[in-house]
Amino acid sequence: MGTETTRLAAGTDLPPLEIPITRTLIVAGAIASRDYQDVHHDVELARQKGSPDVFMNILTTNGLVGRYITDCFGPGAVLRKVAIRLGAPNYPGDTMVLTGRIEELDEETGTATVRVIGDNAIGRHVSGSVTVTFTEAVVTVTLTDETDETDETDETDETDETDEGAS
Amino acid sequence: MTGGSDEFGVRLRVYEGQPAAVSGVGKDPVNLPMIRHWCEAMGDTNPAYEGPDAIAPPTMLQAWTMGGLSGHVGRTGAYDELLTLLEEAGCTSIVATDCEQEYLRPLRPGDRVTFDTAIESVSEQKTTKLGSGYFITTRTDVRVGDDLVGTHRFRVLKYAPSRRPPAGRARRPRPVVNRDNAGFWEGVAEGRLLIQRCAVCGTLRHPWLPGCNACGSLDWDTVEASGEGTVYSYVVMHHPPFPAFEPPYAVGLIELAEGVRMVSNVFGVPYDKVRIGLPVRVEFRRYDDDAGELVLPLFRVVEGEA
């Protein structure tokens, strides 16, 4: 499959990442983060506490936000700050879509600040800000259509399409 | 709950600035297996977290400080006291709302993490969708040896859950029975709808009151209503939902054949078929729930009338 790389700048929207919220993800995330609060693995006890089901813990959300940013910025990207606020819970069966927009980007220092949002079917699960340092200010997007198989190259400042990336 | 009173707020704010954990020690050194489990859960395939030069995912910062099943380490009495105080006030649930982390240098396998946590602030009482409670903000400094490797600000909401149990399982609200209206509810328990009648001027009255509105007399007796009536007025409840009732439903002001009016549910037709003037008849309904047995006079639309 082909890929497209986009040169990053302030205002660039990062490609969205869809995360199916499975019971397995919720429980695996809670245990991997050493969070044994019953609301993250025991439906009965979660209900007794007024929640309709188990829900994702904040450490997992934090981890997913971190993954989203480093996936976008590629090898060499290092997280410096992650600040998130939670809203609508992530319940099993839902899908969270993470999106990001670059707010500031400093080529000199290789530092970017990204506003991240994660929405699910019931609302805004997470909003936050991530500061990341990077080695290359490009984002790689996997293409799903056929256009990447051509040799056309767009020579604008903003984009650089190639057909060489087999990911 | 106690919340809302300034006195309670003052008691809570005493904890601001106090340590929540002193010289806590991470239960495990930073290690590859825990990093791998984390990456598996998150679906994170970043090569930086693998191999001989692996670093830990920075967002794992808090995971290295977690108490796990065997409990927290280094926690002070102050934090537990604060939580207990809130629990005693009805704030039995907890949910994390904010996490702000700064990573000063990567953590690597073998690093031994220590941490100190301070209670930064305790909010005033806040009402949220989850319930009413207090936000507690803590700040944790994470070190390896003498080096500060990361900071971690964490905010939780400790709250009294606002519950909405499914209709049918919730307890139906109980009438307030006092010495002025006890006779009415005794009648209802026997399946009789009793109207108060002034012993001096004969005026009927409902709801039950100590004295007559017409002549002021305190003497009264009762007459049993036939149970026939009409819808004098009504509302349809859509919102807000009340635990024992499933909206929408019709609440009627029923004018009894004897001339007095009372409020009760109108049933027997869909809520949107209730109209002013519909003939209704009392029906004594029995409810059994965990609070015991309850009999209430409801009004059924007379068949063939809607």
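We did not get these values from a lab; they are worked out from the coordinates using the rules stated. If you're wondering where the values come from, they're calculated on a predicted model, not measured in any experiment. Methodologically, a virtual Cβ is constructed for each residue, glycine included, from the backbone with ideal geometry; neighbour enumeration extends over all protein chains shown.
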Going by C-beta contacts inside 10 Å, put A:I122, B:I94 in order with the fewest on the left. A:I122, B:I94
Expressed as a whole-number percentage, the relative contact order of the range B:164-241 with C-alpha contacts under 8 angstrom and at least six residues apart is 24
At R0 = 30 Å the Cβ-Cβ FRET efficiency linking B:R192 and B:D272, nearest 0.05, sits at 0.40
Checking the a/c ratio against 1.5 first, then a/b against b/c, what shape does the Cα gyration tensor give for the protein assembly as shown? prolate
Give me, ordered by chain and number, the residues 5 or more places off B:Y232 or on other chains with an amide H under 5 Å from its own placed amide H. B:L253, B:I254, B:E255, B:G277
Using only atoms on other chains, find how many Cβ atoms lie within 10 Å of each Cβ of peptide B:60-71 and report the average. 4
Which whole-number percent is the relative contact order of chain B (Cα, under 8 Å, 6+ apart)? 14
Got a sec? Charge dipole of chain B, +1 on Cβ for Lys and Arg, -1 for Asp and Glu; which of B:I195, B:T117, B:V280 is way out at the positive end? B:V280
Counting other C-beta atoms within 10 Å, and keeping those with at most 16, which DSSP coil GluC sites (Glu not before Pro) do you find in the range B:188-240? B:E190
How big is the dipole moment of the range B:1-76 about its Cα centre under a simple scheme where the beta carbon of each Lys and Arg is +1, that of each Asp and Glu is -1, and everything else is neutral? Debye, nearest 20, please. 260
Considering only DSSP beta bridges with both partners in chain B, what is the antiparallel share in %, to the nearest 5? 95
Paramagnetic label zone (point 7 Å from Cα along Cα-to-C-beta, B:Q18; backbone N under 18 Å) in the range B:126-144: B:134-140
Separation of the B:E50 and A:E108 label points, Cα + 7 Å toward Cβ, nm: 3.8
When only DSSP loop residues count, what trypsin sites (Lys or Arg not before Pro) in the range B:100-130 have their Cβ near at most 15 other Cβ atoms within 10 Å? B:R112, B:K129
About the Cα centre of the range A:3-152, what is the dipole size in debye to 20, counting +1 per Lys and Arg Cβ and -1 per Asp and Glu Cβ, all else neutral? 1100
Would you work out which of A:T131, A:L86, A:A10 lies farthest towards the positive end of the dipole of the range A:3-152, given +1 charges on the beta-carbon of Lys and Arg and -1 on that of Asp and Glu, about the Cα centre? A:L86
Place the peptides B:262-268, B:51-57 in order of packing, highest mean first, counting for every residue the other Cβ atoms within 10 Å and averaging per peptide. B:262-268, B:51-57
Work out the mean other chain Cβ neighbour count within 10 Å for the residues of A:82-88 and drop it here as an integer. 5
Placed amide H near A:R80: partners under 5 Å, 5+ positions off or other chain: A:T131, A:V132, A:T133
Report the calculated FRET efficiency for B:R36 and B:L253 (r = Cβ-Cβ distance, R0 = 56 Å), to the nearest 0.05. 0.25
Place a +1 charge on the Cβ of each Lys and Arg in the range B:182-301 and a -1 charge on the Cβ of each Asp and Glu, then give the dipole magnitude about the Cα centre in debye, rounded to the nearest 20. 460
With each pseudo-label sitting 7 Å past Cα toward Cβ, what's the B:N178-B:A214 distance in nm, one decimal? 2.5
Out of B:G145, A:H41, B:A250, whose Cα points farthest toward the positive end of the dipole of the protein assembly as shown (charges: +1 Lys, Arg; -1 Asp, Glu; placed on Cβ)? B:A250
Quote the FRET efficiency, to the nearest 0.05, computed for A:R101 versus B:V200 with a Förster distance R0 of 56 Å and r equal to the Cβ-Cβ distance. 0.10
Measuring from label point to label point, each 7 Å out along Cα→Cβ, what is the B:T222 to B:R112 span in nm? 8.0
Which ordering of B:S70, B:S93 is given by a fewest-first count of other beta-carbon atoms within 10 Å? B:S70, B:S93
What average count of beta carbons from other chains do you get within 10 Å of the Cβ of residues in A:26-39? 5
Counting Lys +1, Arg +1, Asp -1, Glu -1, what net charge surrounds B:Q196 among other residues with beta carbon under 12 Å of its beta carbon? -3
